[in-house]
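**Q** Dropping a structure here in structure tokens format, bear with me for questions.
The values are calculated or read from the model by the stated rules, or taken from the named source; none is laboratory data. These numbers were taken from a predicted model, which means no experiment stands behind them. Cβ coordinates were reconstructed from backbone atoms using ideal geometry, including for glycine residues, and neighbour counts include every protein chain displayed. Side chains included, ligands, DNA and RNA excluded: accessible areas come from the protein's heavy atoms. Shrake-Rupley method; radii C 1.70, N 1.55, O 1.52, S 1.80 Å.
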Amino acid sequence: MTDRIDVGVLGATGLVGQHLIAQLAHHPWLRVAWIGASERSAGRIYRDTPWRIETDRPPEIERLRLERPRPGAGPALMFSALDAASAAELEPALAAAGHTVISNASAHRLRDDVPLVVPEINPETLSLAEAQPWDGALITNPNCSTIFLTLALAPLARFGIRAVTVTTLQALSGAGHPGVSSLDAVGNVVPFIAGEEEKIERETMKILGARFPISAQATRVPVAHGHTELVSVSLAERVTARDLIEAWAAFRGHPSSRALPSAPAAPVQFVDGDDRPQPRLDLRRGAGMCVSVGRLRPCGVLDWRFVALGHNLIRGAAGAAVLNAELAVISFRDAPRSRRRPRAARLADGAAAGH
């Protein structure tokens with residue numbers, strides 16, 4: 001890009017919103033020009049709000065004032081880090097006013113006309129937005145655990161996936177801030193996360209476009225960041241461990257994803273060692289955008305079992321949304337002008353200057 005595109009971030013004071021701002025701080029295509037928050041925070045200067053993530057707050061954002069979200073106001077491209085209840089009402093209103101909304105919320109993921117996108121796997125589903133009833137568009141990224149699972153499974157699809165079980169060990173930061181009470185979290189495992197198992201099962205089917213039995217169990221564990229998944233899979237073909245490792249190593253994702261600035265060169269990385277992957281050692285692979293897999297071995301019930309790990313706030317949330325926005329920019333730029341919605345046309349015109 002020769003000119004960066006202005007974007008807005010809704011929910012800018014939350015953990016995902018702050019990670020979005022950090023991800024976009026030096027982005028070659030996109031620039032945060034507007035930030036939004038709830039009535040409680042609206043009107044405050046951003047530097048006067050708590051900053052809760054490990055990286056520094058970008059100085060160019062500090063002087064921005066938090067705005068109350070209003071459909072039609074702010075940039076054409078909006079990132080939504082809203083909670084599901086707020087997103088259910090506000091995101092369609094923004095799309096109706098012509099905004100392109102890149103959402104991390106779960107409220108609209110399973111609508112038939114809403115793309116649920118992992119760019120390395122199903123970028124073509126972005127075309128679903130053409131059937132949406134709004135002048136703008138609504139595009140979603142999946143649940144964090146779903147992203148890690150689908151990226152681990154996609155390279156194995158060539159062998160014919162017949163059934164999957166997955167147990168997730170999910171970090172405390174997945175519950176937001178302040179999240180789980182310390183008395184519930186420390187030295188404990190909470191074997192329930194509301195709605196999580198259903199999201200994993202349903203979203204995996206939508207992303208992979210497949211129909212196989214999948215059983216998910218979700219737990220919350222006393223880890224700061226990083227969701228670990230214990231996966232067992234049944235395959236139609238007889239394969240060796242080497243076949244699976246080579247499939248993961250060779251996976252680069254759909255060709256359209258490879259030109260995106262935030263896309264890791266190798267989305268799935270096999271980590272050797274009986275005790276890997278671990279959040280403490282493997283979470284930052286590919287700047288937090290990779291899924292690490294390891295501890296591959298035969299399964300006594302299905303065929304194979306392995307461990308997958310991903311960063312819930314980066315690849316599972318903010319980084320996934322940025323990657324989807326990059327894909328949308330390319331898609332709108334390349335679409336015939338007759339098929340562009342009003343604000344999508346403005347977004348495309350901004351993208352057409354370079355790239």
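**Q** Pairs needed: first member in the range 257-269, in contact (Cβ under 8 Å) with a residue 12 or more places away in the chain; second member anywhere, assigned to a loop (DSSP other than H, G, I, E, B) and open to solvent by 20 Å² or more (accessible area, probe 1.4 Å); C-beta distance under 6 Å; at least 6 residues apart or different chains.
**A** If the second residue must be assigned to a loop (DSSP other than H, G, I, E, B) and open to solvent by 20 Å² or more (accessible area, probe 1.4 Å), the pairs left are 257/263; 261/28; 268/251.
**Q** Now for a separate question. On the given criteria, is residue 133 open to solvent by less than 10 Å² (accessible area, probe 1.4 Å) and part of a loop (DSSP other than H, G, I, E, B)?
**A** Answer is no for this residue.
**Q** Check residue 226 against each of (1) within 20 Å of the chain's Cα centre (by Cα); (2) over 21 Å from residue 152 (Cβ atoms); (3) open to solvent by less than 70 Å² (accessible area, probe 1.4 Å); (4) not aliphatic (A, V, I, L, M) and name the one condition it does not meet.
**A** Against the list (1) within 20 Å of the chain's Cα centre (by Cα); (2) over 21 Å from residue 152 (Cβ atoms); (3) open to solvent by less than 70 Å² (accessible area, probe 1.4 Å); (4) not aliphatic (A, V, I, L, M), residue 226 comes up short only on (2).
**Q** Now a separate question. Given the conditions (1) under 15 Å from residue 156 (Cβ atoms); (2) open to solvent by less than 10 Å² (accessible area, probe 1.4 Å), report the number of the one that residue 302 does not fulfil.
**A** That leaves (2) as the condition not met.
**Q** Can I ask one more? Among what's in the range 177-199 and is touching a Leu at 6+ places or on another chain (Cβ under 6 Å) and either under 22 Å from residue 290 (Cα atoms) or not hydrophobic (A, V, I, L, M, F, W, C) (or both), pick the residue that is most open to solvent (accessible area, probe 1.4 Å).
**A** Residue satisfying both the conditions and the ranking: 177.
**Q** Return the only residue of 140, 204, 146 being under 19 Å from residue 114 (Cβ atoms), out of contact with any strand residue (DSSP E or B) (no Cβ under 7 Å at 6 or more places or on another chain) and crowded, with 23+ Cβ neighbours inside 10 Å.
**A** Answer to the check: 146.
For every residue, the table says whether it meets (1) at pLDDT below 95; (2) hydrophobic (A, V, I, L, M, F, W, C); (3) buried (at least 19 other Cβ atoms within 10 Å of the Cβ); (4) part of a strand (DSSP E or B).
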| residue | (1), (2), (3), (4) |
| --- | --- |
| 252 | no, no, no, no |
| 259 | yes, yes, no, no |
| 262 | no, no, yes, no |
| 266 | no, yes, no, no |
| 269 | no, no, yes, yes |
| 276 | no, no, no, no |
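**Q** Further question: Condition (residue is under 21 Å from residue 178 (Cβ atoms), in contact with a His (Cβ under 6 Å, 6 or more places away or on another chain), in a loop (DSSP other than H, G, I, E, B) and basic (Lys, Arg)) applied to the range 52-59: is it met by at least one residue?
**A** Yes, there is a match, as at least one residue in the range 52-59 is under 21 Å from residue 178 (Cβ atoms), in contact with a His (Cβ under 6 Å, 6 or more places away or on another chain), in a loop (DSSP other than H, G, I, E, B) and basic (Lys, Arg).
**Q** Considering (1) modelled with pLDDT under 95; (2) hydroxyl-bearing (Ser, Thr, Tyr); (3) in contact with a Lys or Arg (Cβ under 7 Å, 6 or more places away or on another chain), say which one residue 182 fails and leave the rest.
**A** Only one criterion is unmet by residue 182, namely (3).
**Q** Being open to solvent by 20 Å² or more (accessible area, probe 1.4 Å) and in contact (Cβ under 8 Å) with a residue 60 or more places away in the chain is the filter here, so list the residues in the range 164-176 that pass it.
**A** 165, 167, 169, 174, 176
**Q** Based on this model, can you work out whether residue 310 counts as modelled with pLDDT of 95 or more and in contact with a strand residue (DSSP E or B) (Cβ under 6 Å, 6 or more places away or on another chain)?
**A** So residue 310 fits the description; yes.
**Q** A further question follows. Taking residue 215, is it in contact (Cβ under 8 Å) with a residue 24 or more places away in the chain and surrounded by fewer than 16 Cβ atoms within 10 Å (Cβ to Cβ)?
**A** Taking the combined requirement at face value, the residue satisfies it.
**Q** Being of a type in the set (D, E, K, R) and open to solvent by less than 30 Å² (accessible area, probe 1.4 Å): is that true of residue 54 here?
**A** Criteria not met by residue 54.
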